[in-house]
Structure formats: C-alpha cells, structure tokens
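Notes to accompany the following structure.
The values are calculated or read from the model by the stated rules, or taken from the named source; none is laboratory data. Just so you know, these numbers come straight off a predicted model, no measurement behind them. Backbone-built Cβ (ideal geometry, glycine too); neighbour counts: all protein chains shown.
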C-alpha cells in the first residue's frame with residue numbers, strides 16, 4: 001500500500017471523495033469550528049481551494065458517482081453537485097419526523113442514492129433518492145433501534161445495501177441490509193466476544209464486505225452483508241478505534257485506519273486475512289479514499305506521517321565537479337534536501353562532509369545523517385626526456401604535464417647535470433637521469449614519478465669544460481679551438497682530436513712518418529669516442545700545394561678506445577713528401 005496526502009489534509013478533513021480527477025473534501029471551517037467548508041483539488045490532493053465556505057449546517061460525509069457528488073450532515077442537511085464538486089445546491093430532507101444528523105451517503109448508480117444517520121428522536125434513519133439526489137424519501141421500514149447509522153455501502157454483485165452503526169442502548173454494533181434501499185432488516189453478527197460501535201463499512205463489489213469499529217472491531221461478510229463474522233484482531237489493535245475502511249480494486253485489499261495512524265489490510269480470497277501495518281507518525285485518520293491509480297489517500301486530524309530516509313552516493317572521487325548525496329525514501333518518491341557541513345551547496349573538494357538529508361515539500365517528516373567522503377584523485381605524469389646529444393653549454397628546457405594540471409617539478413637523479421625549475425644545465429659528458437615529479441595537493445594524490453635517461457656524448461666543448469678553469473674558458477685565446485696553450489705548438493683542437501692533454505706539451509702520441517713497401521706511411525692515433533671532428537690527411541711535395549689526391553686514409557686498428565689510422569702515399573709519386581693532419585670541428 002502507498003499512503004499519500006495533500007497539503008491541506010492537515011486542515012481536519014471529515015471526509016474525502018474522488019470524482020474523475022478531482023478530490024473533494026469536507027473540512028472544518030478555519031474561523032468557526034462549528035461550521036464546515038467544501039474544498040476541491042485537481043492535483044491529486046496537493047492543494048485544495050474552497051468551493052463552499054461555511055455550509056448552512058455542518059457536513060459529515062460525501063460520496064461521488066460519476067460527476068454527481070452528494071454531501072450530508074447535521075439536521076438532515078443534504079447538498080448536491082452535478083459537476084464534480086465545482087457548484088453546489090442545498091436540498092431539503094423529506095424525513096418525517098425531521099431527521100437528525102446524517103452520517104454517510106452512497107450510491108448504486110448515478111441515479112440511486114442512500115444516506116443514513118439518526119432521527120431527531122435518536123432512532124436509526126435512512127433516506128433514498130432515485131433521481132440522482134435531487135429529491136429524497138424516507139425509508140419505508142427500518143429496525144426501531146435507539147442508535148445511529150454511521151456508514152453505508154452497496155455491493156453490486158449481491159445487489160444489496162449494508163449500513164452499520166451503533167445500538168446506543170446496548171452499546172453494540174448495528175448492521176442492517178436492504179435490497180432496494182427502502183426496506184431494511186437486521187443482518188446476523190457472529191461475534192463470540194461481543195461487539196462495539198461500528199464506524200465504517202466497505203465492499204469489494206463482489207459480495208465481500210469489511211466493517212470496522214471501536215476497540216479494533218473488524219467484521220467481515222462474504223454474502224453481501226447478510227451475515228458478518230468477527231475477525232481475529234492483532235494484539236496491539238485492541239484499544240484502537242478504526243474509523244474508516246476502503247477497498248482498492250488495484251491491490252485487491254481492504255485498508256482501514258484510525259487512531260494514531262493505525263492501518264490494517266484485509267484480503268478476501270477465501271477466508272479474510274487481517275494484518276496490521278502501523279503507519280509511522282502521529283495524528284488520527286478520519287477518512288480514506290482510493291485515487292485513480294489505486295493508491296489509498298489519507299485524511300485526518302493533525303496527521304504527521306514519518307518516512308524513512310536512506311542516504312546513498314556517499315563516496316566519490318574528486319574530479320572538479322560538485323558531489324551530491326542521493327536518498328531513497330519509504331514511502332518512495334519523496335523529495336529530500338541535503339546539507340553538507342551545514343551548507344546546501346554540494347562540495348567539490350576532497351574531504352569528509354557531514355550530510356543531513358531531510359524530507360521537504362510534503363506532509364512526511366524524516367531525515368538521515370551520514371558522511372560524504374570525497375577521495376583524492378590519482379594523477380599521472382607525461383614526460384618525454386631530452387634526446388641523446390653531444391655536450392652543450394646551452395640550457396635545455398624540460399617539459400612535462402600532469403593530468404591534475406598541477407606544476408611538475410624536476411630533479412637530477414644521477415649524471416653530469418643540474419636543474420633549476422625546468423632548466424637543465426649539462427656539466428659534462430655521460431649518462432643523465434632526470435626525474436619528473438608531482439607531489440599532489442589537497443585534491444590529488446602524489447603522482448608516480450617518471451625517470452628519463454639520456455646520454456651526453458663527449459665533444460670539444462665537454463673537453464674544454466673538463467680541462468680549463470672558468471676564467472680560461474671565458475678567454476678564447478686560452479681555451480679556444482685555435483689557441484695554443486703550451487710550447488709544443490699544437491692547438492687545443494688538435495690536442496683534443498689526438499687525445500692529448502691541453503696543458504701538457506706533447507712528447508708522445510704524435511703522428512709518425514715511415515717508408516714501407518714502396519709507400520710513404522703517415523700513422524696517428526685518436527680516441528674512438530670523438531665524433532664531432534673530421535680528420536683528413538693531406539700530402540705536399542713543396543709545402544705549398546696540399547692535396548688528398550693519391551692518399552689512402554684507412555683505419556688500422558681499434559684497441560682500448562684508441563683508433564690507429566694511417567695514410568699511404570706511393571714513393572714513386574714523389575721523391576720527397578710532406579704530410580699534414582687536418583682536423584675540422
């Protein structure tokens with residue numbers, strides 16, 4: 001079962017009915033509690049507006065058949081609407097002697113109606129109408145009982161009317177039946193423990209009736225109301241007065257309600273089965289109706305229904321967008337508002353937030369507490385290191401990005417280099433390992449560091465850096481490629497090319513000339529690792545014209561990082577030959 005109510009249900013509705021999509025109710029007048037208003041809703045009971053204010057006499061109940069609605073009340077007062085409750089006409093009673101309060105009204109069709117209550121003399125009273133409620137006549141016969149009839153219903157399958165109430169003399173239940181709404185006879189009640197006052201009765205239109213009353217009294221009938229049997233009462237219902245009962249063809253169950261929002265359901269397949277499902281909350285149920293979807297709508301006095309709220313989506317990972325909790329409610333579909341550490345704004349940053357979810361915008365109350373945890377996000381680094389290269393004194397700019405868009409820092413793990421910010425400076429030749437890191441912040445975990453390795457090849461610049469002081473490096477006449485540092489007459493570039501120390505006069509490692517096998521042979525050694533200079537051997541017969549023509553320049557051996565090269569020139573080409581080694585950087 002689903003329980004719902006409109007926003008004005010708190011306004012002490014005595015009765016509700018449904019005509020098409022409209023809810024029409026009788027409510028206590030806001031300024032005079034002895035009077036009643038007729039209210040109407042076209043939004044499933046969410047909001048009601050007055051269509052009649054302060055009726056001539058207090059109304060007690062109403063019922064609808066198609067677009068016709070009949071309302072009844074004190075002093076035999078009857079009011080009628082033929083347009084689903086929009087407009088009303090007051091009618092006079094035909095009861096003689098004058099009827100007293102009328103308690104309920106029902107129809108078997110759009111034209112035939114019955115209303116029940118009490119005469120001014122305190123006896124059972126019933127009236128009927130066969131013209132859609134326009135005119136009314138008193139019942140032709142009715143048991144002479146001092147009491148009041150509080151409810152009436154019609155069972156279409158058995159074609160029988162049933163009215164229930166109280167014998168005020170015996171303070172017991174009264175049940176009477178009729179096939180035409182005019183002549184009434186007592187029904188048979190089987191109740192070993194006795195009965196109390198009956199307050200309402202409902203039919204499933206298939207011969208099954210359920211009547212409810214004070215102290216949890218429940219009577220059922222399976223023959224259209226001729227015979228009623230008391231049903232087993234759930235233990236905690238014994239002291240509760242049940243005031244209203246309805247039947248939903250959608251669910252196939254009867255639903256009854258009463259004091260303290262006690263709710264019972266009964267099925268009629270086979271022997272009736274009664275079960276209790278107390279509605280959480282406070283207040284008393286005055287009346288129940290079934291809406292167009294088969295849901296039961298509750299009206300009552302100071303109803304304060306409570307619902308359960310279950311929070312969800314309490315874990316998330318930071319991604320720069322707000323993270324909101326979710327909630328499910330019982331009953332379902334209720335609106336829940338959230339606060340996070342007291343703020344209605346959903347948090348974005350990582351952390352823990354106290355969440356309170358509170359039902360809003362309905363007649364239900366309920367809340368739940370929880371903790372929303374937004375975890376730090378992981379991040380990764382993209383870093384492409386410098387390519388292998390020869391030594392350079394120029395700065396190398398490093399570049400790396402993190403998926404967090406946070407700044408990446410660099411450090412030298414090993415090798416001849418320093419780094420300042422994103423600027424890397426080489427300090428020599430060798431293998432350099434540079435690391436990119438991102439330490440994270442309040443929203444991101446630290447990234448896994450990325451190491452990149454590159455090789456710095458030795459060259460003339462790294463040789464200069466390794467062999468000259470800073471002042472010497474600044475003076476090209478001392479450390480430049482063509483500068484001659486010592487007394488051996490060899491330039492720095494030549495010494496670099498031959499693997500000689502720049503500041504030591506060369507006494508060994510110089511080229512040698514010999515004659516072998518009819519050839520002039522020029523032999524020299526050079527480091528295998530040097531790749532940034534070119535070597536050429538030229539020959540001249542007069543120290544004026546130099547050429548490589550006729551010279552065979554070839555590698556002889558490569559041992560221990562030293563290459564031995566020779567240049568051969570035929571003796572027959574010249575009786576005298578001069579050789580020179582040309583080194584170009």
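Of note:
- Number of positions in segment 439-496 that are touching a strand residue (DSSP E or B) at 6+ places or on another chain (Cβ under 8 Å), loosely packed, with under 15 Cβ neighbours inside 10 Å and closer than 14 Å to residue 391 by Cβ: 1
- Single unsatisfied condition, residue 434 versus (1) crowded, with 16+ Cβ neighbours inside 10 Å; (2) in contact with a strand residue (DSSP E or B) (Cβ under 6 Å, 6 or more places away or on another chain); (3) modelled with pLDDT under 95: (3)
- For segment 516-532, filtered to residues that are touching a helix residue (DSSP H, G or I) at 6+ places or on another chain (Cβ under 8 Å) and under 24 Å from residue 575 (Cβ atoms), the residue that is modelled with the lowest pLDDT is 518.
- Yes/no for residue 168 being assigned by TED's automatic domain parsing to the domain that holds residue 84 and surrounded by 24 or more Cβ atoms within 10 Å (Cβ to Cβ): no
- Just one of the listed residues (478, 484, 494, 515) is part of a strand (DSSP E or B) and at negative phi, namely 515.
- Checking each residue in segment 113-127 for being surrounded by fewer than 22 Cβ atoms within 10 Å (Cβ to Cβ) and in contact with a strand residue (DSSP E or B) (Cβ under 7 Å, 6 or more places away or on another chain) picks out 119, 120, 122, 123.
- A residue that is at pLDDT 85 or above and either assigned by TED's automatic domain parsing to the domain that holds residue 332 or in a strand (DSSP E or B) (or both) can be found somewhere in segment 84-94.
- Within segment 533-556, tally of residues that are touching a helix residue (DSSP H, G or I) at 6+ places or on another chain (Cβ under 6 Å) and either assigned to a strand (DSSP E or B) or closer than 21 Å to residue 484 by Cβ (or both): 1
- Scanning segment 94-101 for any residue that is in contact with a helix residue (DSSP H, G or I) (Cβ under 8 Å, 6 or more places away or on another chain) and either surrounded by fewer than 18 Cβ atoms within 10 Å (Cβ to Cβ) or within 26 Å of residue 19 (Cα to Cα) (or both) turns up at least one such residue.
- Tabulated pairs, segment 528-543, first more than 16 Å from residue 512 (Cα to Cα), second modelled with pLDDT of 90 or more and loosely packed, with under 13 Cβ neighbours inside 10 Å, C-beta under 7 angstrom, 6+ apart or interchain: 528/558; 528/561; 529/561; 533/584; 534/584
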